[in-house]
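The values are calculated or read from the model by the stated rules, or taken from the named source; none is laboratory data. The model shown is predicted, which means the values in this text are computed figures rather than measured ones. No Cβ is skipped: glycine too gets one built from the backbone with ideal geometry, and neighbour counts run over all protein chains shown. To get the accessible areas, we keep the full protein, side chains included, count just its heavy atoms, and leave off ligands, DNA and RNA. Shrake-Rupley method; radii C 1.70, N 1.55, O 1.52, S 1.80 Å.
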Amino acid sequence: MGATLRLHLWHHGIFLLILFLVLTPLAFLILGSFSTARLPGDFSLDAMGLVNYIKVYSDPGTLEIFSNTVIYVAGATALALVLAVSLAWLVELTNMPGKVLVYAGVPMTLAVPGMLQAMAWVLLLSPRIGFINQLLKDIFGPQTPIVNVYSLGGMVFLEGLRLVPTAFLMLVPLMRSMDPTLEEAAAVSGARPLSTLRKVTLRLLAPALVAVMIYQAMTALEVFEIPGILGLPAGIYVFSTKIYAIVRTATFMPVYGQANALAMVYLFIAVGTTFFYTRMIGRAERYTVITGKGYRPRQLDLGKWKIPALGCALLFLFLSIVLPFLVFLYASFLPYLQAPSWNVLRVLTLKNYRLLAEYGEVGSALKNTVLMVGATATATVVLSFLVSLVVIRSKFWGRKLLDQMAFMPHAIPGIVMGIAFFWLFLKIDFLPLYGTIWAISIGFTISFLAYGTRSMNAALLQIHKELEEAAYVSGAPPWRTMRRIFVPLMMPTLVGVWIWVVLHAVRIAGMPLMLYEGPNNQVLAILIWNMWDEGYVPAVAAIGTLLMIVLLLLTLAVRFIGFRRQTMHVGGT
Amino acid sequence: MIRIEQLHVRYRTERGEVHAVRGIDLNVKQGQFFTLLGPSGCGKTTTLRSVAGLEKPTAGEIYVGDEIVFSSAKGLSVPPYKRDIGMVFQSYAIWPHLNVFENVAFPLREMKKRVPADELRSRVRKALSLVQLEGLEDRPAPFLSGGQQQRLALARALVREPRVLLLDEPLSNLDAKLREETRVELRELVKRLGITTLYVTHDQLEALTMSDVVAVMDGGNIVQEGSPVDIYRAPRDKFVAAFIGLSNFLEGRVTKPGRLGEVETAGILLKCILPDGVATGDSVIVVIRPEDLNLYTGAATQNDNILEGKIEALIFMGDTLECQVAVGKKIIRLKLHPSSPVARGETVRLQLPAASCRALRA
């Protein structure tokens with residue numbers, strides 16, 4: 001039958017496309033790490049060797065990068081877990097008042113880009129210009145000890161805060177769906193509350209907690225913006241920033257192959273943890289095999305601790321979202337950077353916003369960003385939808401492999417992906433992609449494919465097979481079925497994924513920085529990064545304020561669509 | 001063994017306050033199999049959970065054995081882990097992180113006095129053999145079938161040999177065939193052990209086949225309490241008659257009072273058993289079970305309590321033939337032997353034996 005044949009061709013097409021998109025950059029990443037040529041453009045199979053590896057791993061600095069990375073990742077993950085477990089426990093299992101604020105507020109913190117959050121805290125806590133530090137000096141004299149945000153501690157604190165919302169969103173449904181009769185059965189079996197907590201509740205939550213922990217550690221490991229803003233100025237490197245430094249800020253001719261060599265360990269760690277993570281998820285799911293139905297939620301009476309508990313929850317929201325926004329808002333009206341005081345009120349100005357309108361680079365960056373983000377989101381949605389259709393709804397022989405291929409980029413840190421594409425686009429110079437926004441767009445699309453296909457898989461599984469079959473027997477050919485049954489039923493998911501991709505593509509700086517060439521492919525994230533680097537703080541504050549407002553509105557839109565389930569995986573920077 | 005006095009349970013939900021249990025009294029004697037039967041939302045599970053200590057009643061008193069475990073007047077509430085009870089949950093609540101052996105051993109390990117390892121092992125074995133799960137000790141709990149999980153939950157509830165066993169719809173998640181077998185097994189097991197059992201179900205068949213005493217609940221109250229035969233043969237009100245088994249209801253007016261009186265209904269004078277204290281002219285509802293009616297295609301052998309009608313529908317149900325007869329505008333249902341020689345549209349006479357017709361106050 002003609003239709004059947006077309007269907008199969010289409011399956012193969014998707015399969016080959018994904019295979020190509022995922023494997024080619026990886027191949028270049030690996031080959032590049034062995035290349036002895038200085039520049040990716042000079043790469044040839046004749047000039048191969050272990051020089052890069054020897055150079056990178058014999059450097060005593062590498063050991064320090066390892067230990068920095070471990071401290072940073074472990075610290076941030078631990079802090080985030082403690083905060084997220086406490087918040088989730090407060091809203092799900094206690095009678096704390098004002099829960100609605102936490103339910104609504106915590107996901108909102110995702111709207112503040114990591115880069116801007118780090119910058120806001122620099123304005124508060126940098127040793128020289130930090131508002132808080134200046135205040136301390138004014139009160140206690142110039143010898144007073146200050147808090148320096150350019151430190152491992154600063155990175156741990158900020159990344160810890162940033163990981164909370166994702167962990168919270170993962171933990172809340174977990175705590176909600178936990179069958180209370182499992183605990184009640186322990187109580188009627190004679191177990192005291194503490195014993196129940198230890199032997200039943202925590203044991204049941206353990207696999208999921210470990211899974212959340214690994215997921216968070218992976219995120220911390222991959223994040224570039226926080227260690228980039230807080231670590232680079234002080235010369236404190238972790239993996240992601242070191243790779244960036246080798247490629248972008250080396251004083252001499254950059255040695256690109258060394259970045260690849262460093263990226264390889266990084267890649268192994270990331271792939272290893274992903275493997276472990278998927279196995280943990282499997283176990284966690286086995287534990288939820290036996291669950292009860294809707295029960296009246298049991299809630300612990302906090303008594304006199306009700307208000308203090310709410311206070312702590314609100315403090316988190318204040319530090320994560322209100323404070324960075326206020327700092328940016330304030331700085332955006334300053335003629336030059338200065339600490340808040342009564343005198344400042346008289347010099348506040350709209351100059352920065354006017355400057356933005358006049359400054360040509362802002363316009364072109366904005367245009368680039370809109371194009372890049374729109375293309376990325378659309379491509380991700382279309383590609384993920386097609387991949388998921390094949391994976392979930394067809395009997396195509398390679399559908400398992402296709403699913404794994406689509407998920408694999410999830411394990412690859414953005415900065416590593418950046419290098420891989422950097423090599424790829426320089427080498428395939430017959431395609432004029434290098435230095436364009438399309439290069440960034442392709443890179444992001446592949447990165448977000450994992451998220452897109454997870455969401456679409458879940459949504460497609462919800463659509464009963466018979467809805468599709470009913471369309472066939474009603475005379476609709478496959479493509480009509482897709483258009484008239486799947487697309488309308490999946491609309492919330494399609495829109496949700498689209499907005500999610502926009503939210504993330506607009507603010508991630510890591511990969512675009514690796515592919516950045518000049519004004520031609522400068523996007524907003526890079527513009528902010530560069531302006532910050534050059535010290536135009538009030539102008540950055542103005543852009544940042546506007547960006548935060550837009551992102552907050554978009555995040556609200558996601559919630560408005562009622563797109564709850566997908567927030568499970570909202571993460572990144 | 002279990003005594004409940006004036007129990008009230010109110011709780012708050014998102015939709016407002018619910019008065020789930022409204023002042024019930026009950027008394028379960030030593031070794032009795034006592035069933036709370038009612039539709040969902042009638043307060044039966046809330047009552048059971050109050051006995052377990054999982055629900056905090058608003059008012060009343062609960063005794064387990066000689067011990068008072070809850071008293072609102074004395075401000076006393078013994079926590080569940082200090083009450084000597086075993087309980088089987090509707091979802092079974094088998095701990096998925098423990099294997100079969102450890103699930104059953106859990107209550108023993110939580111006993112105040114440490115149980116020596118040998119004794120622990122032999123008691124777990126014994127409990128598992130009671131429910132025929134020997135040999136599955138090392139099986140992870142999630143790898144059990146529904147029936148096995150149900151039996152494991154029972155073994156766990158029995159392993160401490162508690163004075164009281166609480167069962168919350170333990171059969172409702174089993175398939176029909178298994179449920180039928182388990183009904184008999186479960187009753188035999190608890191009767192053999194002589195354990196006092198409080199059982200909650202919405203399934204009338206379970207209640208009738210398993211219980212010594214059934215308490216029918218509705219809207220937070222016990223509407224009737226008695227032996228299964230009493231409950232079925234002599235329902236005290238329309239709710240009980242309608243909830244348990246099939247019933248035909250005929251509205252009418254008393255024309256002759258007395259224990260065996262007469263009611264004018266469906267155009268005839270019907271002899272039936274009247275409740276105490278009704279007078280001529282009172283409105284009543286006459287209840288008659290479908291299996292108590294006699295059907296005649298020719299002339300009736302008796303002249304009393306005869307209704308004439310036309311067969312509207314015949315429904316073959318395997319062991320019986322349900323026959324729906326239109327008497328005037330009223331449909332009366334009766335159960336016939338499946339090979340009865342009747343046909344749709346046929347005019348028939350129904351005879352209602354006076355001893356099986358019970359009038360209830362309307």
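Looking at this structure, is A:Glu534 open to solvent by 10 Å² or more (accessible area, probe 1.4 Å), touching a residue at least 24 places away in the same chain (Cβ under 8 Å) and of a type in the set (Asp, Glu)? Before the answer, list the steps.
On the way: open to solvent by 10 Å² or more (accessible area, probe 1.4 Å): yes; touching a residue at least 24 places away in the same chain (Cβ under 8 Å): no; of a type in the set (Asp, Glu): yes.
In short, no.
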*asked:* Looking at region B:30-66 only, could you name the residues that are among the hydroxyl-bearing types (Ser, Thr, Tyr), part of a loop (DSSP other than H, G, I, E, B) and either open to solvent by less than 20 Å² (accessible area, probe 1.4 Å) or more than 14 Å from chain A (Cβ to nearest Cβ) (or both)?
replied: B:Thr58
*When residues of region B:67-87 are limited to those that are more than 9 Å from every other protein chain (Cβ to nearest Cβ) and assigned to a strand (DSSP E or B), the one nearest to B:Met1 (Cα to Cα)*: B:Glu67
*Any idea which of B:Ala207, B:Ala157 is within 16 Å of B:Gln32 (Cα to Cα) and small (Gly, Ala, Ser)?*
B:Ala207
*asked:* Just to be sure I understand, how many residues within region A:488-531 are open to solvent by 50 Å² or more (accessible area, probe 1.4 Å) and charged (D, E, K, R)?
replied: 1
*Taking helices (runs of 4 or more DSSP H) that fall entirely within region A:38-144, which contain at least 1 residues that are under 25 Å from the mean Cα position of the chain (by Cα)?*
A:60-93, A:99-108, A:114-125
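So that you can scan it fast, the table gives a plain yes or no per residue for (1) out of contact with any Phe, Trp or Tyr (no Cβ under 9 Å at 6 or more places or on another chain); (2) modelled with pLDDT of 85 or more:
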site: A:Val149; (1), (2): no, yes
site: A:Val156; (1), (2): no, yes
site: A:Arg162; (1), (2): yes, yes
site: A:Glu184; (1), (2): no, yes
site: A:Leu204; (1), (2): no, no
site: A:Thr249; (1), (2): yes, no
site: A:Phe252; (1), (2): yes, no
*Going through region A:117-129 one residue at a time, which ones are hydroxyl-bearing (Ser, Thr, Tyr) and surrounded by 24 or more Cβ atoms within 10 Å (Cβ to Cβ)?*
none
*Residue list for region A:385-398, restricted to those being within 20 Å of A:Gln462 (Cα to Cα) and surrounded by fewer than 18 Cβ atoms within 10 Å (Cβ to Cβ)*: A:Ser394, A:Lys395
_For region A:360-407, which positions are farther than 21 Å from A:Gly13 by Cα, over 19 Å from the mean Cα position of the chain (by Cα) and among the small types (Gly, Ala, Ser)?_
A:Gly360, A:Gly363, A:Ser364, A:Ala365
*On the given criteria, is A:Leu194 part of a helix (DSSP H, G or I), of a type in the set (A, V, I, L, M) and open to solvent by 20 Å² or more (accessible area, probe 1.4 Å)?*
yes
*asked:* Please go through region B:335-350 and give me each residue that is under 11 Å from B:Leu314 (Cβ atoms) and under 28 Å from the mean Cα position of the chain (by Cα), ordered by number.
replied: B:Leu336
_region B:1-29, subset charged (D, E, K, R) and assigned to a strand (DSSP E or B), residue most open to solvent (accessible area, probe 1.4 Å)_ = B:Arg12
*Inside region A:442-469, can you point out the residues that are farther than 14 Å from A:Ser388 by Cβ and either free of Cβ contacts under 8 Å to residues at least 24 places away in the same chain or open to solvent by 10 Å² or more (accessible area, probe 1.4 Å) (or both)?*
A:Ile442, A:Thr445, A:Ser447, A:His464, A:Lys465, A:Glu466, A:Leu467, A:Glu469
*Give the residue that is surrounded by the fewest Cβ atoms within 10 Å (Cβ to Cβ), with candidates limited to residues of region A:77-116 that are more than 30 Å from A:Pro180 (Cβ to Cβ) and in contact with a Phe, Trp or Tyr (Cβ under 8 Å, 6 or more places away or on another chain).*
A:Met115
*What is the residue count in region B:333-362 for residues that are surrounded by 12 or more Cβ atoms within 10 Å (Cβ to Cβ) and hydroxyl-bearing (Ser, Thr, Tyr)?*
2
*Inspect all residues belonging to region A:398-414 and state whether any of them is part of a helix (DSSP H, G or I), at pLDDT 90 or above and closer than 30 Å to A:Met490 by Cα.*
yes
*Quick check: anything in region B:111-129 within 9 Å of another protein chain (Cβ to nearest Cβ) and either touching a residue at least 60 places away in the same chain (Cβ under 8 Å) or surrounded by 15 or more Cβ atoms within 10 Å (Cβ to Cβ) (or both)?*
no
*Some residue of region B:185-200 being surrounded by 20 or more Cβ atoms within 10 Å (Cβ to Cβ), farther than 23 Å from A:Ala187 by Cα and more than 13 Å from chain A (Cβ to nearest Cβ)*: yes
*Are any of the residues in region B:161-175 away from chain A (no Cβ under 14 Å) and surrounded by fewer than 20 Cβ atoms within 10 Å (Cβ to Cβ)?*
yes
*Under the condition of being among the acidic types (Asp, Glu) and within 14 Å of chain B (Cβ to nearest Cβ), which residue from region A:150-191 is surrounded by the most Cβ atoms within 10 Å (Cβ to Cβ)?*
A:Glu184
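Here are some residues: B:Ile285, B:Ile222, B:Ile244. Which one is modelled with pLDDT of 90 or more and touching an Asp or Glu at 6+ places or on another chain (Cβ under 6 Å)?
B:Ile285
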*asked:* For A:Lys55, only one of the following conditions fails: (1) closer than 30 Å to A:Pro308 by Cβ; (2) surrounded by 14 or more Cβ atoms within 10 Å (Cβ to Cβ); (3) at pLDDT below 90. What is its number?
replied: (1)
_Matching residues, region A:208-236, being surrounded by fewer than 21 Cβ atoms within 10 Å (Cβ to Cβ) and in contact with a helix residue (DSSP H, G or I) (Cβ under 7 Å, 6 or more places away or on another chain)_ = A:Val210, A:Met213, A:Ile214, A:Leu232, A:Ile236
_When the residues of region B:136-156 are narrowed to those that are away from chain A (no Cβ under 13 Å) and not small (Gly, Ala, Ser), which ends up most open to solvent (accessible area, probe 1.4 Å)?_
B:Asp138
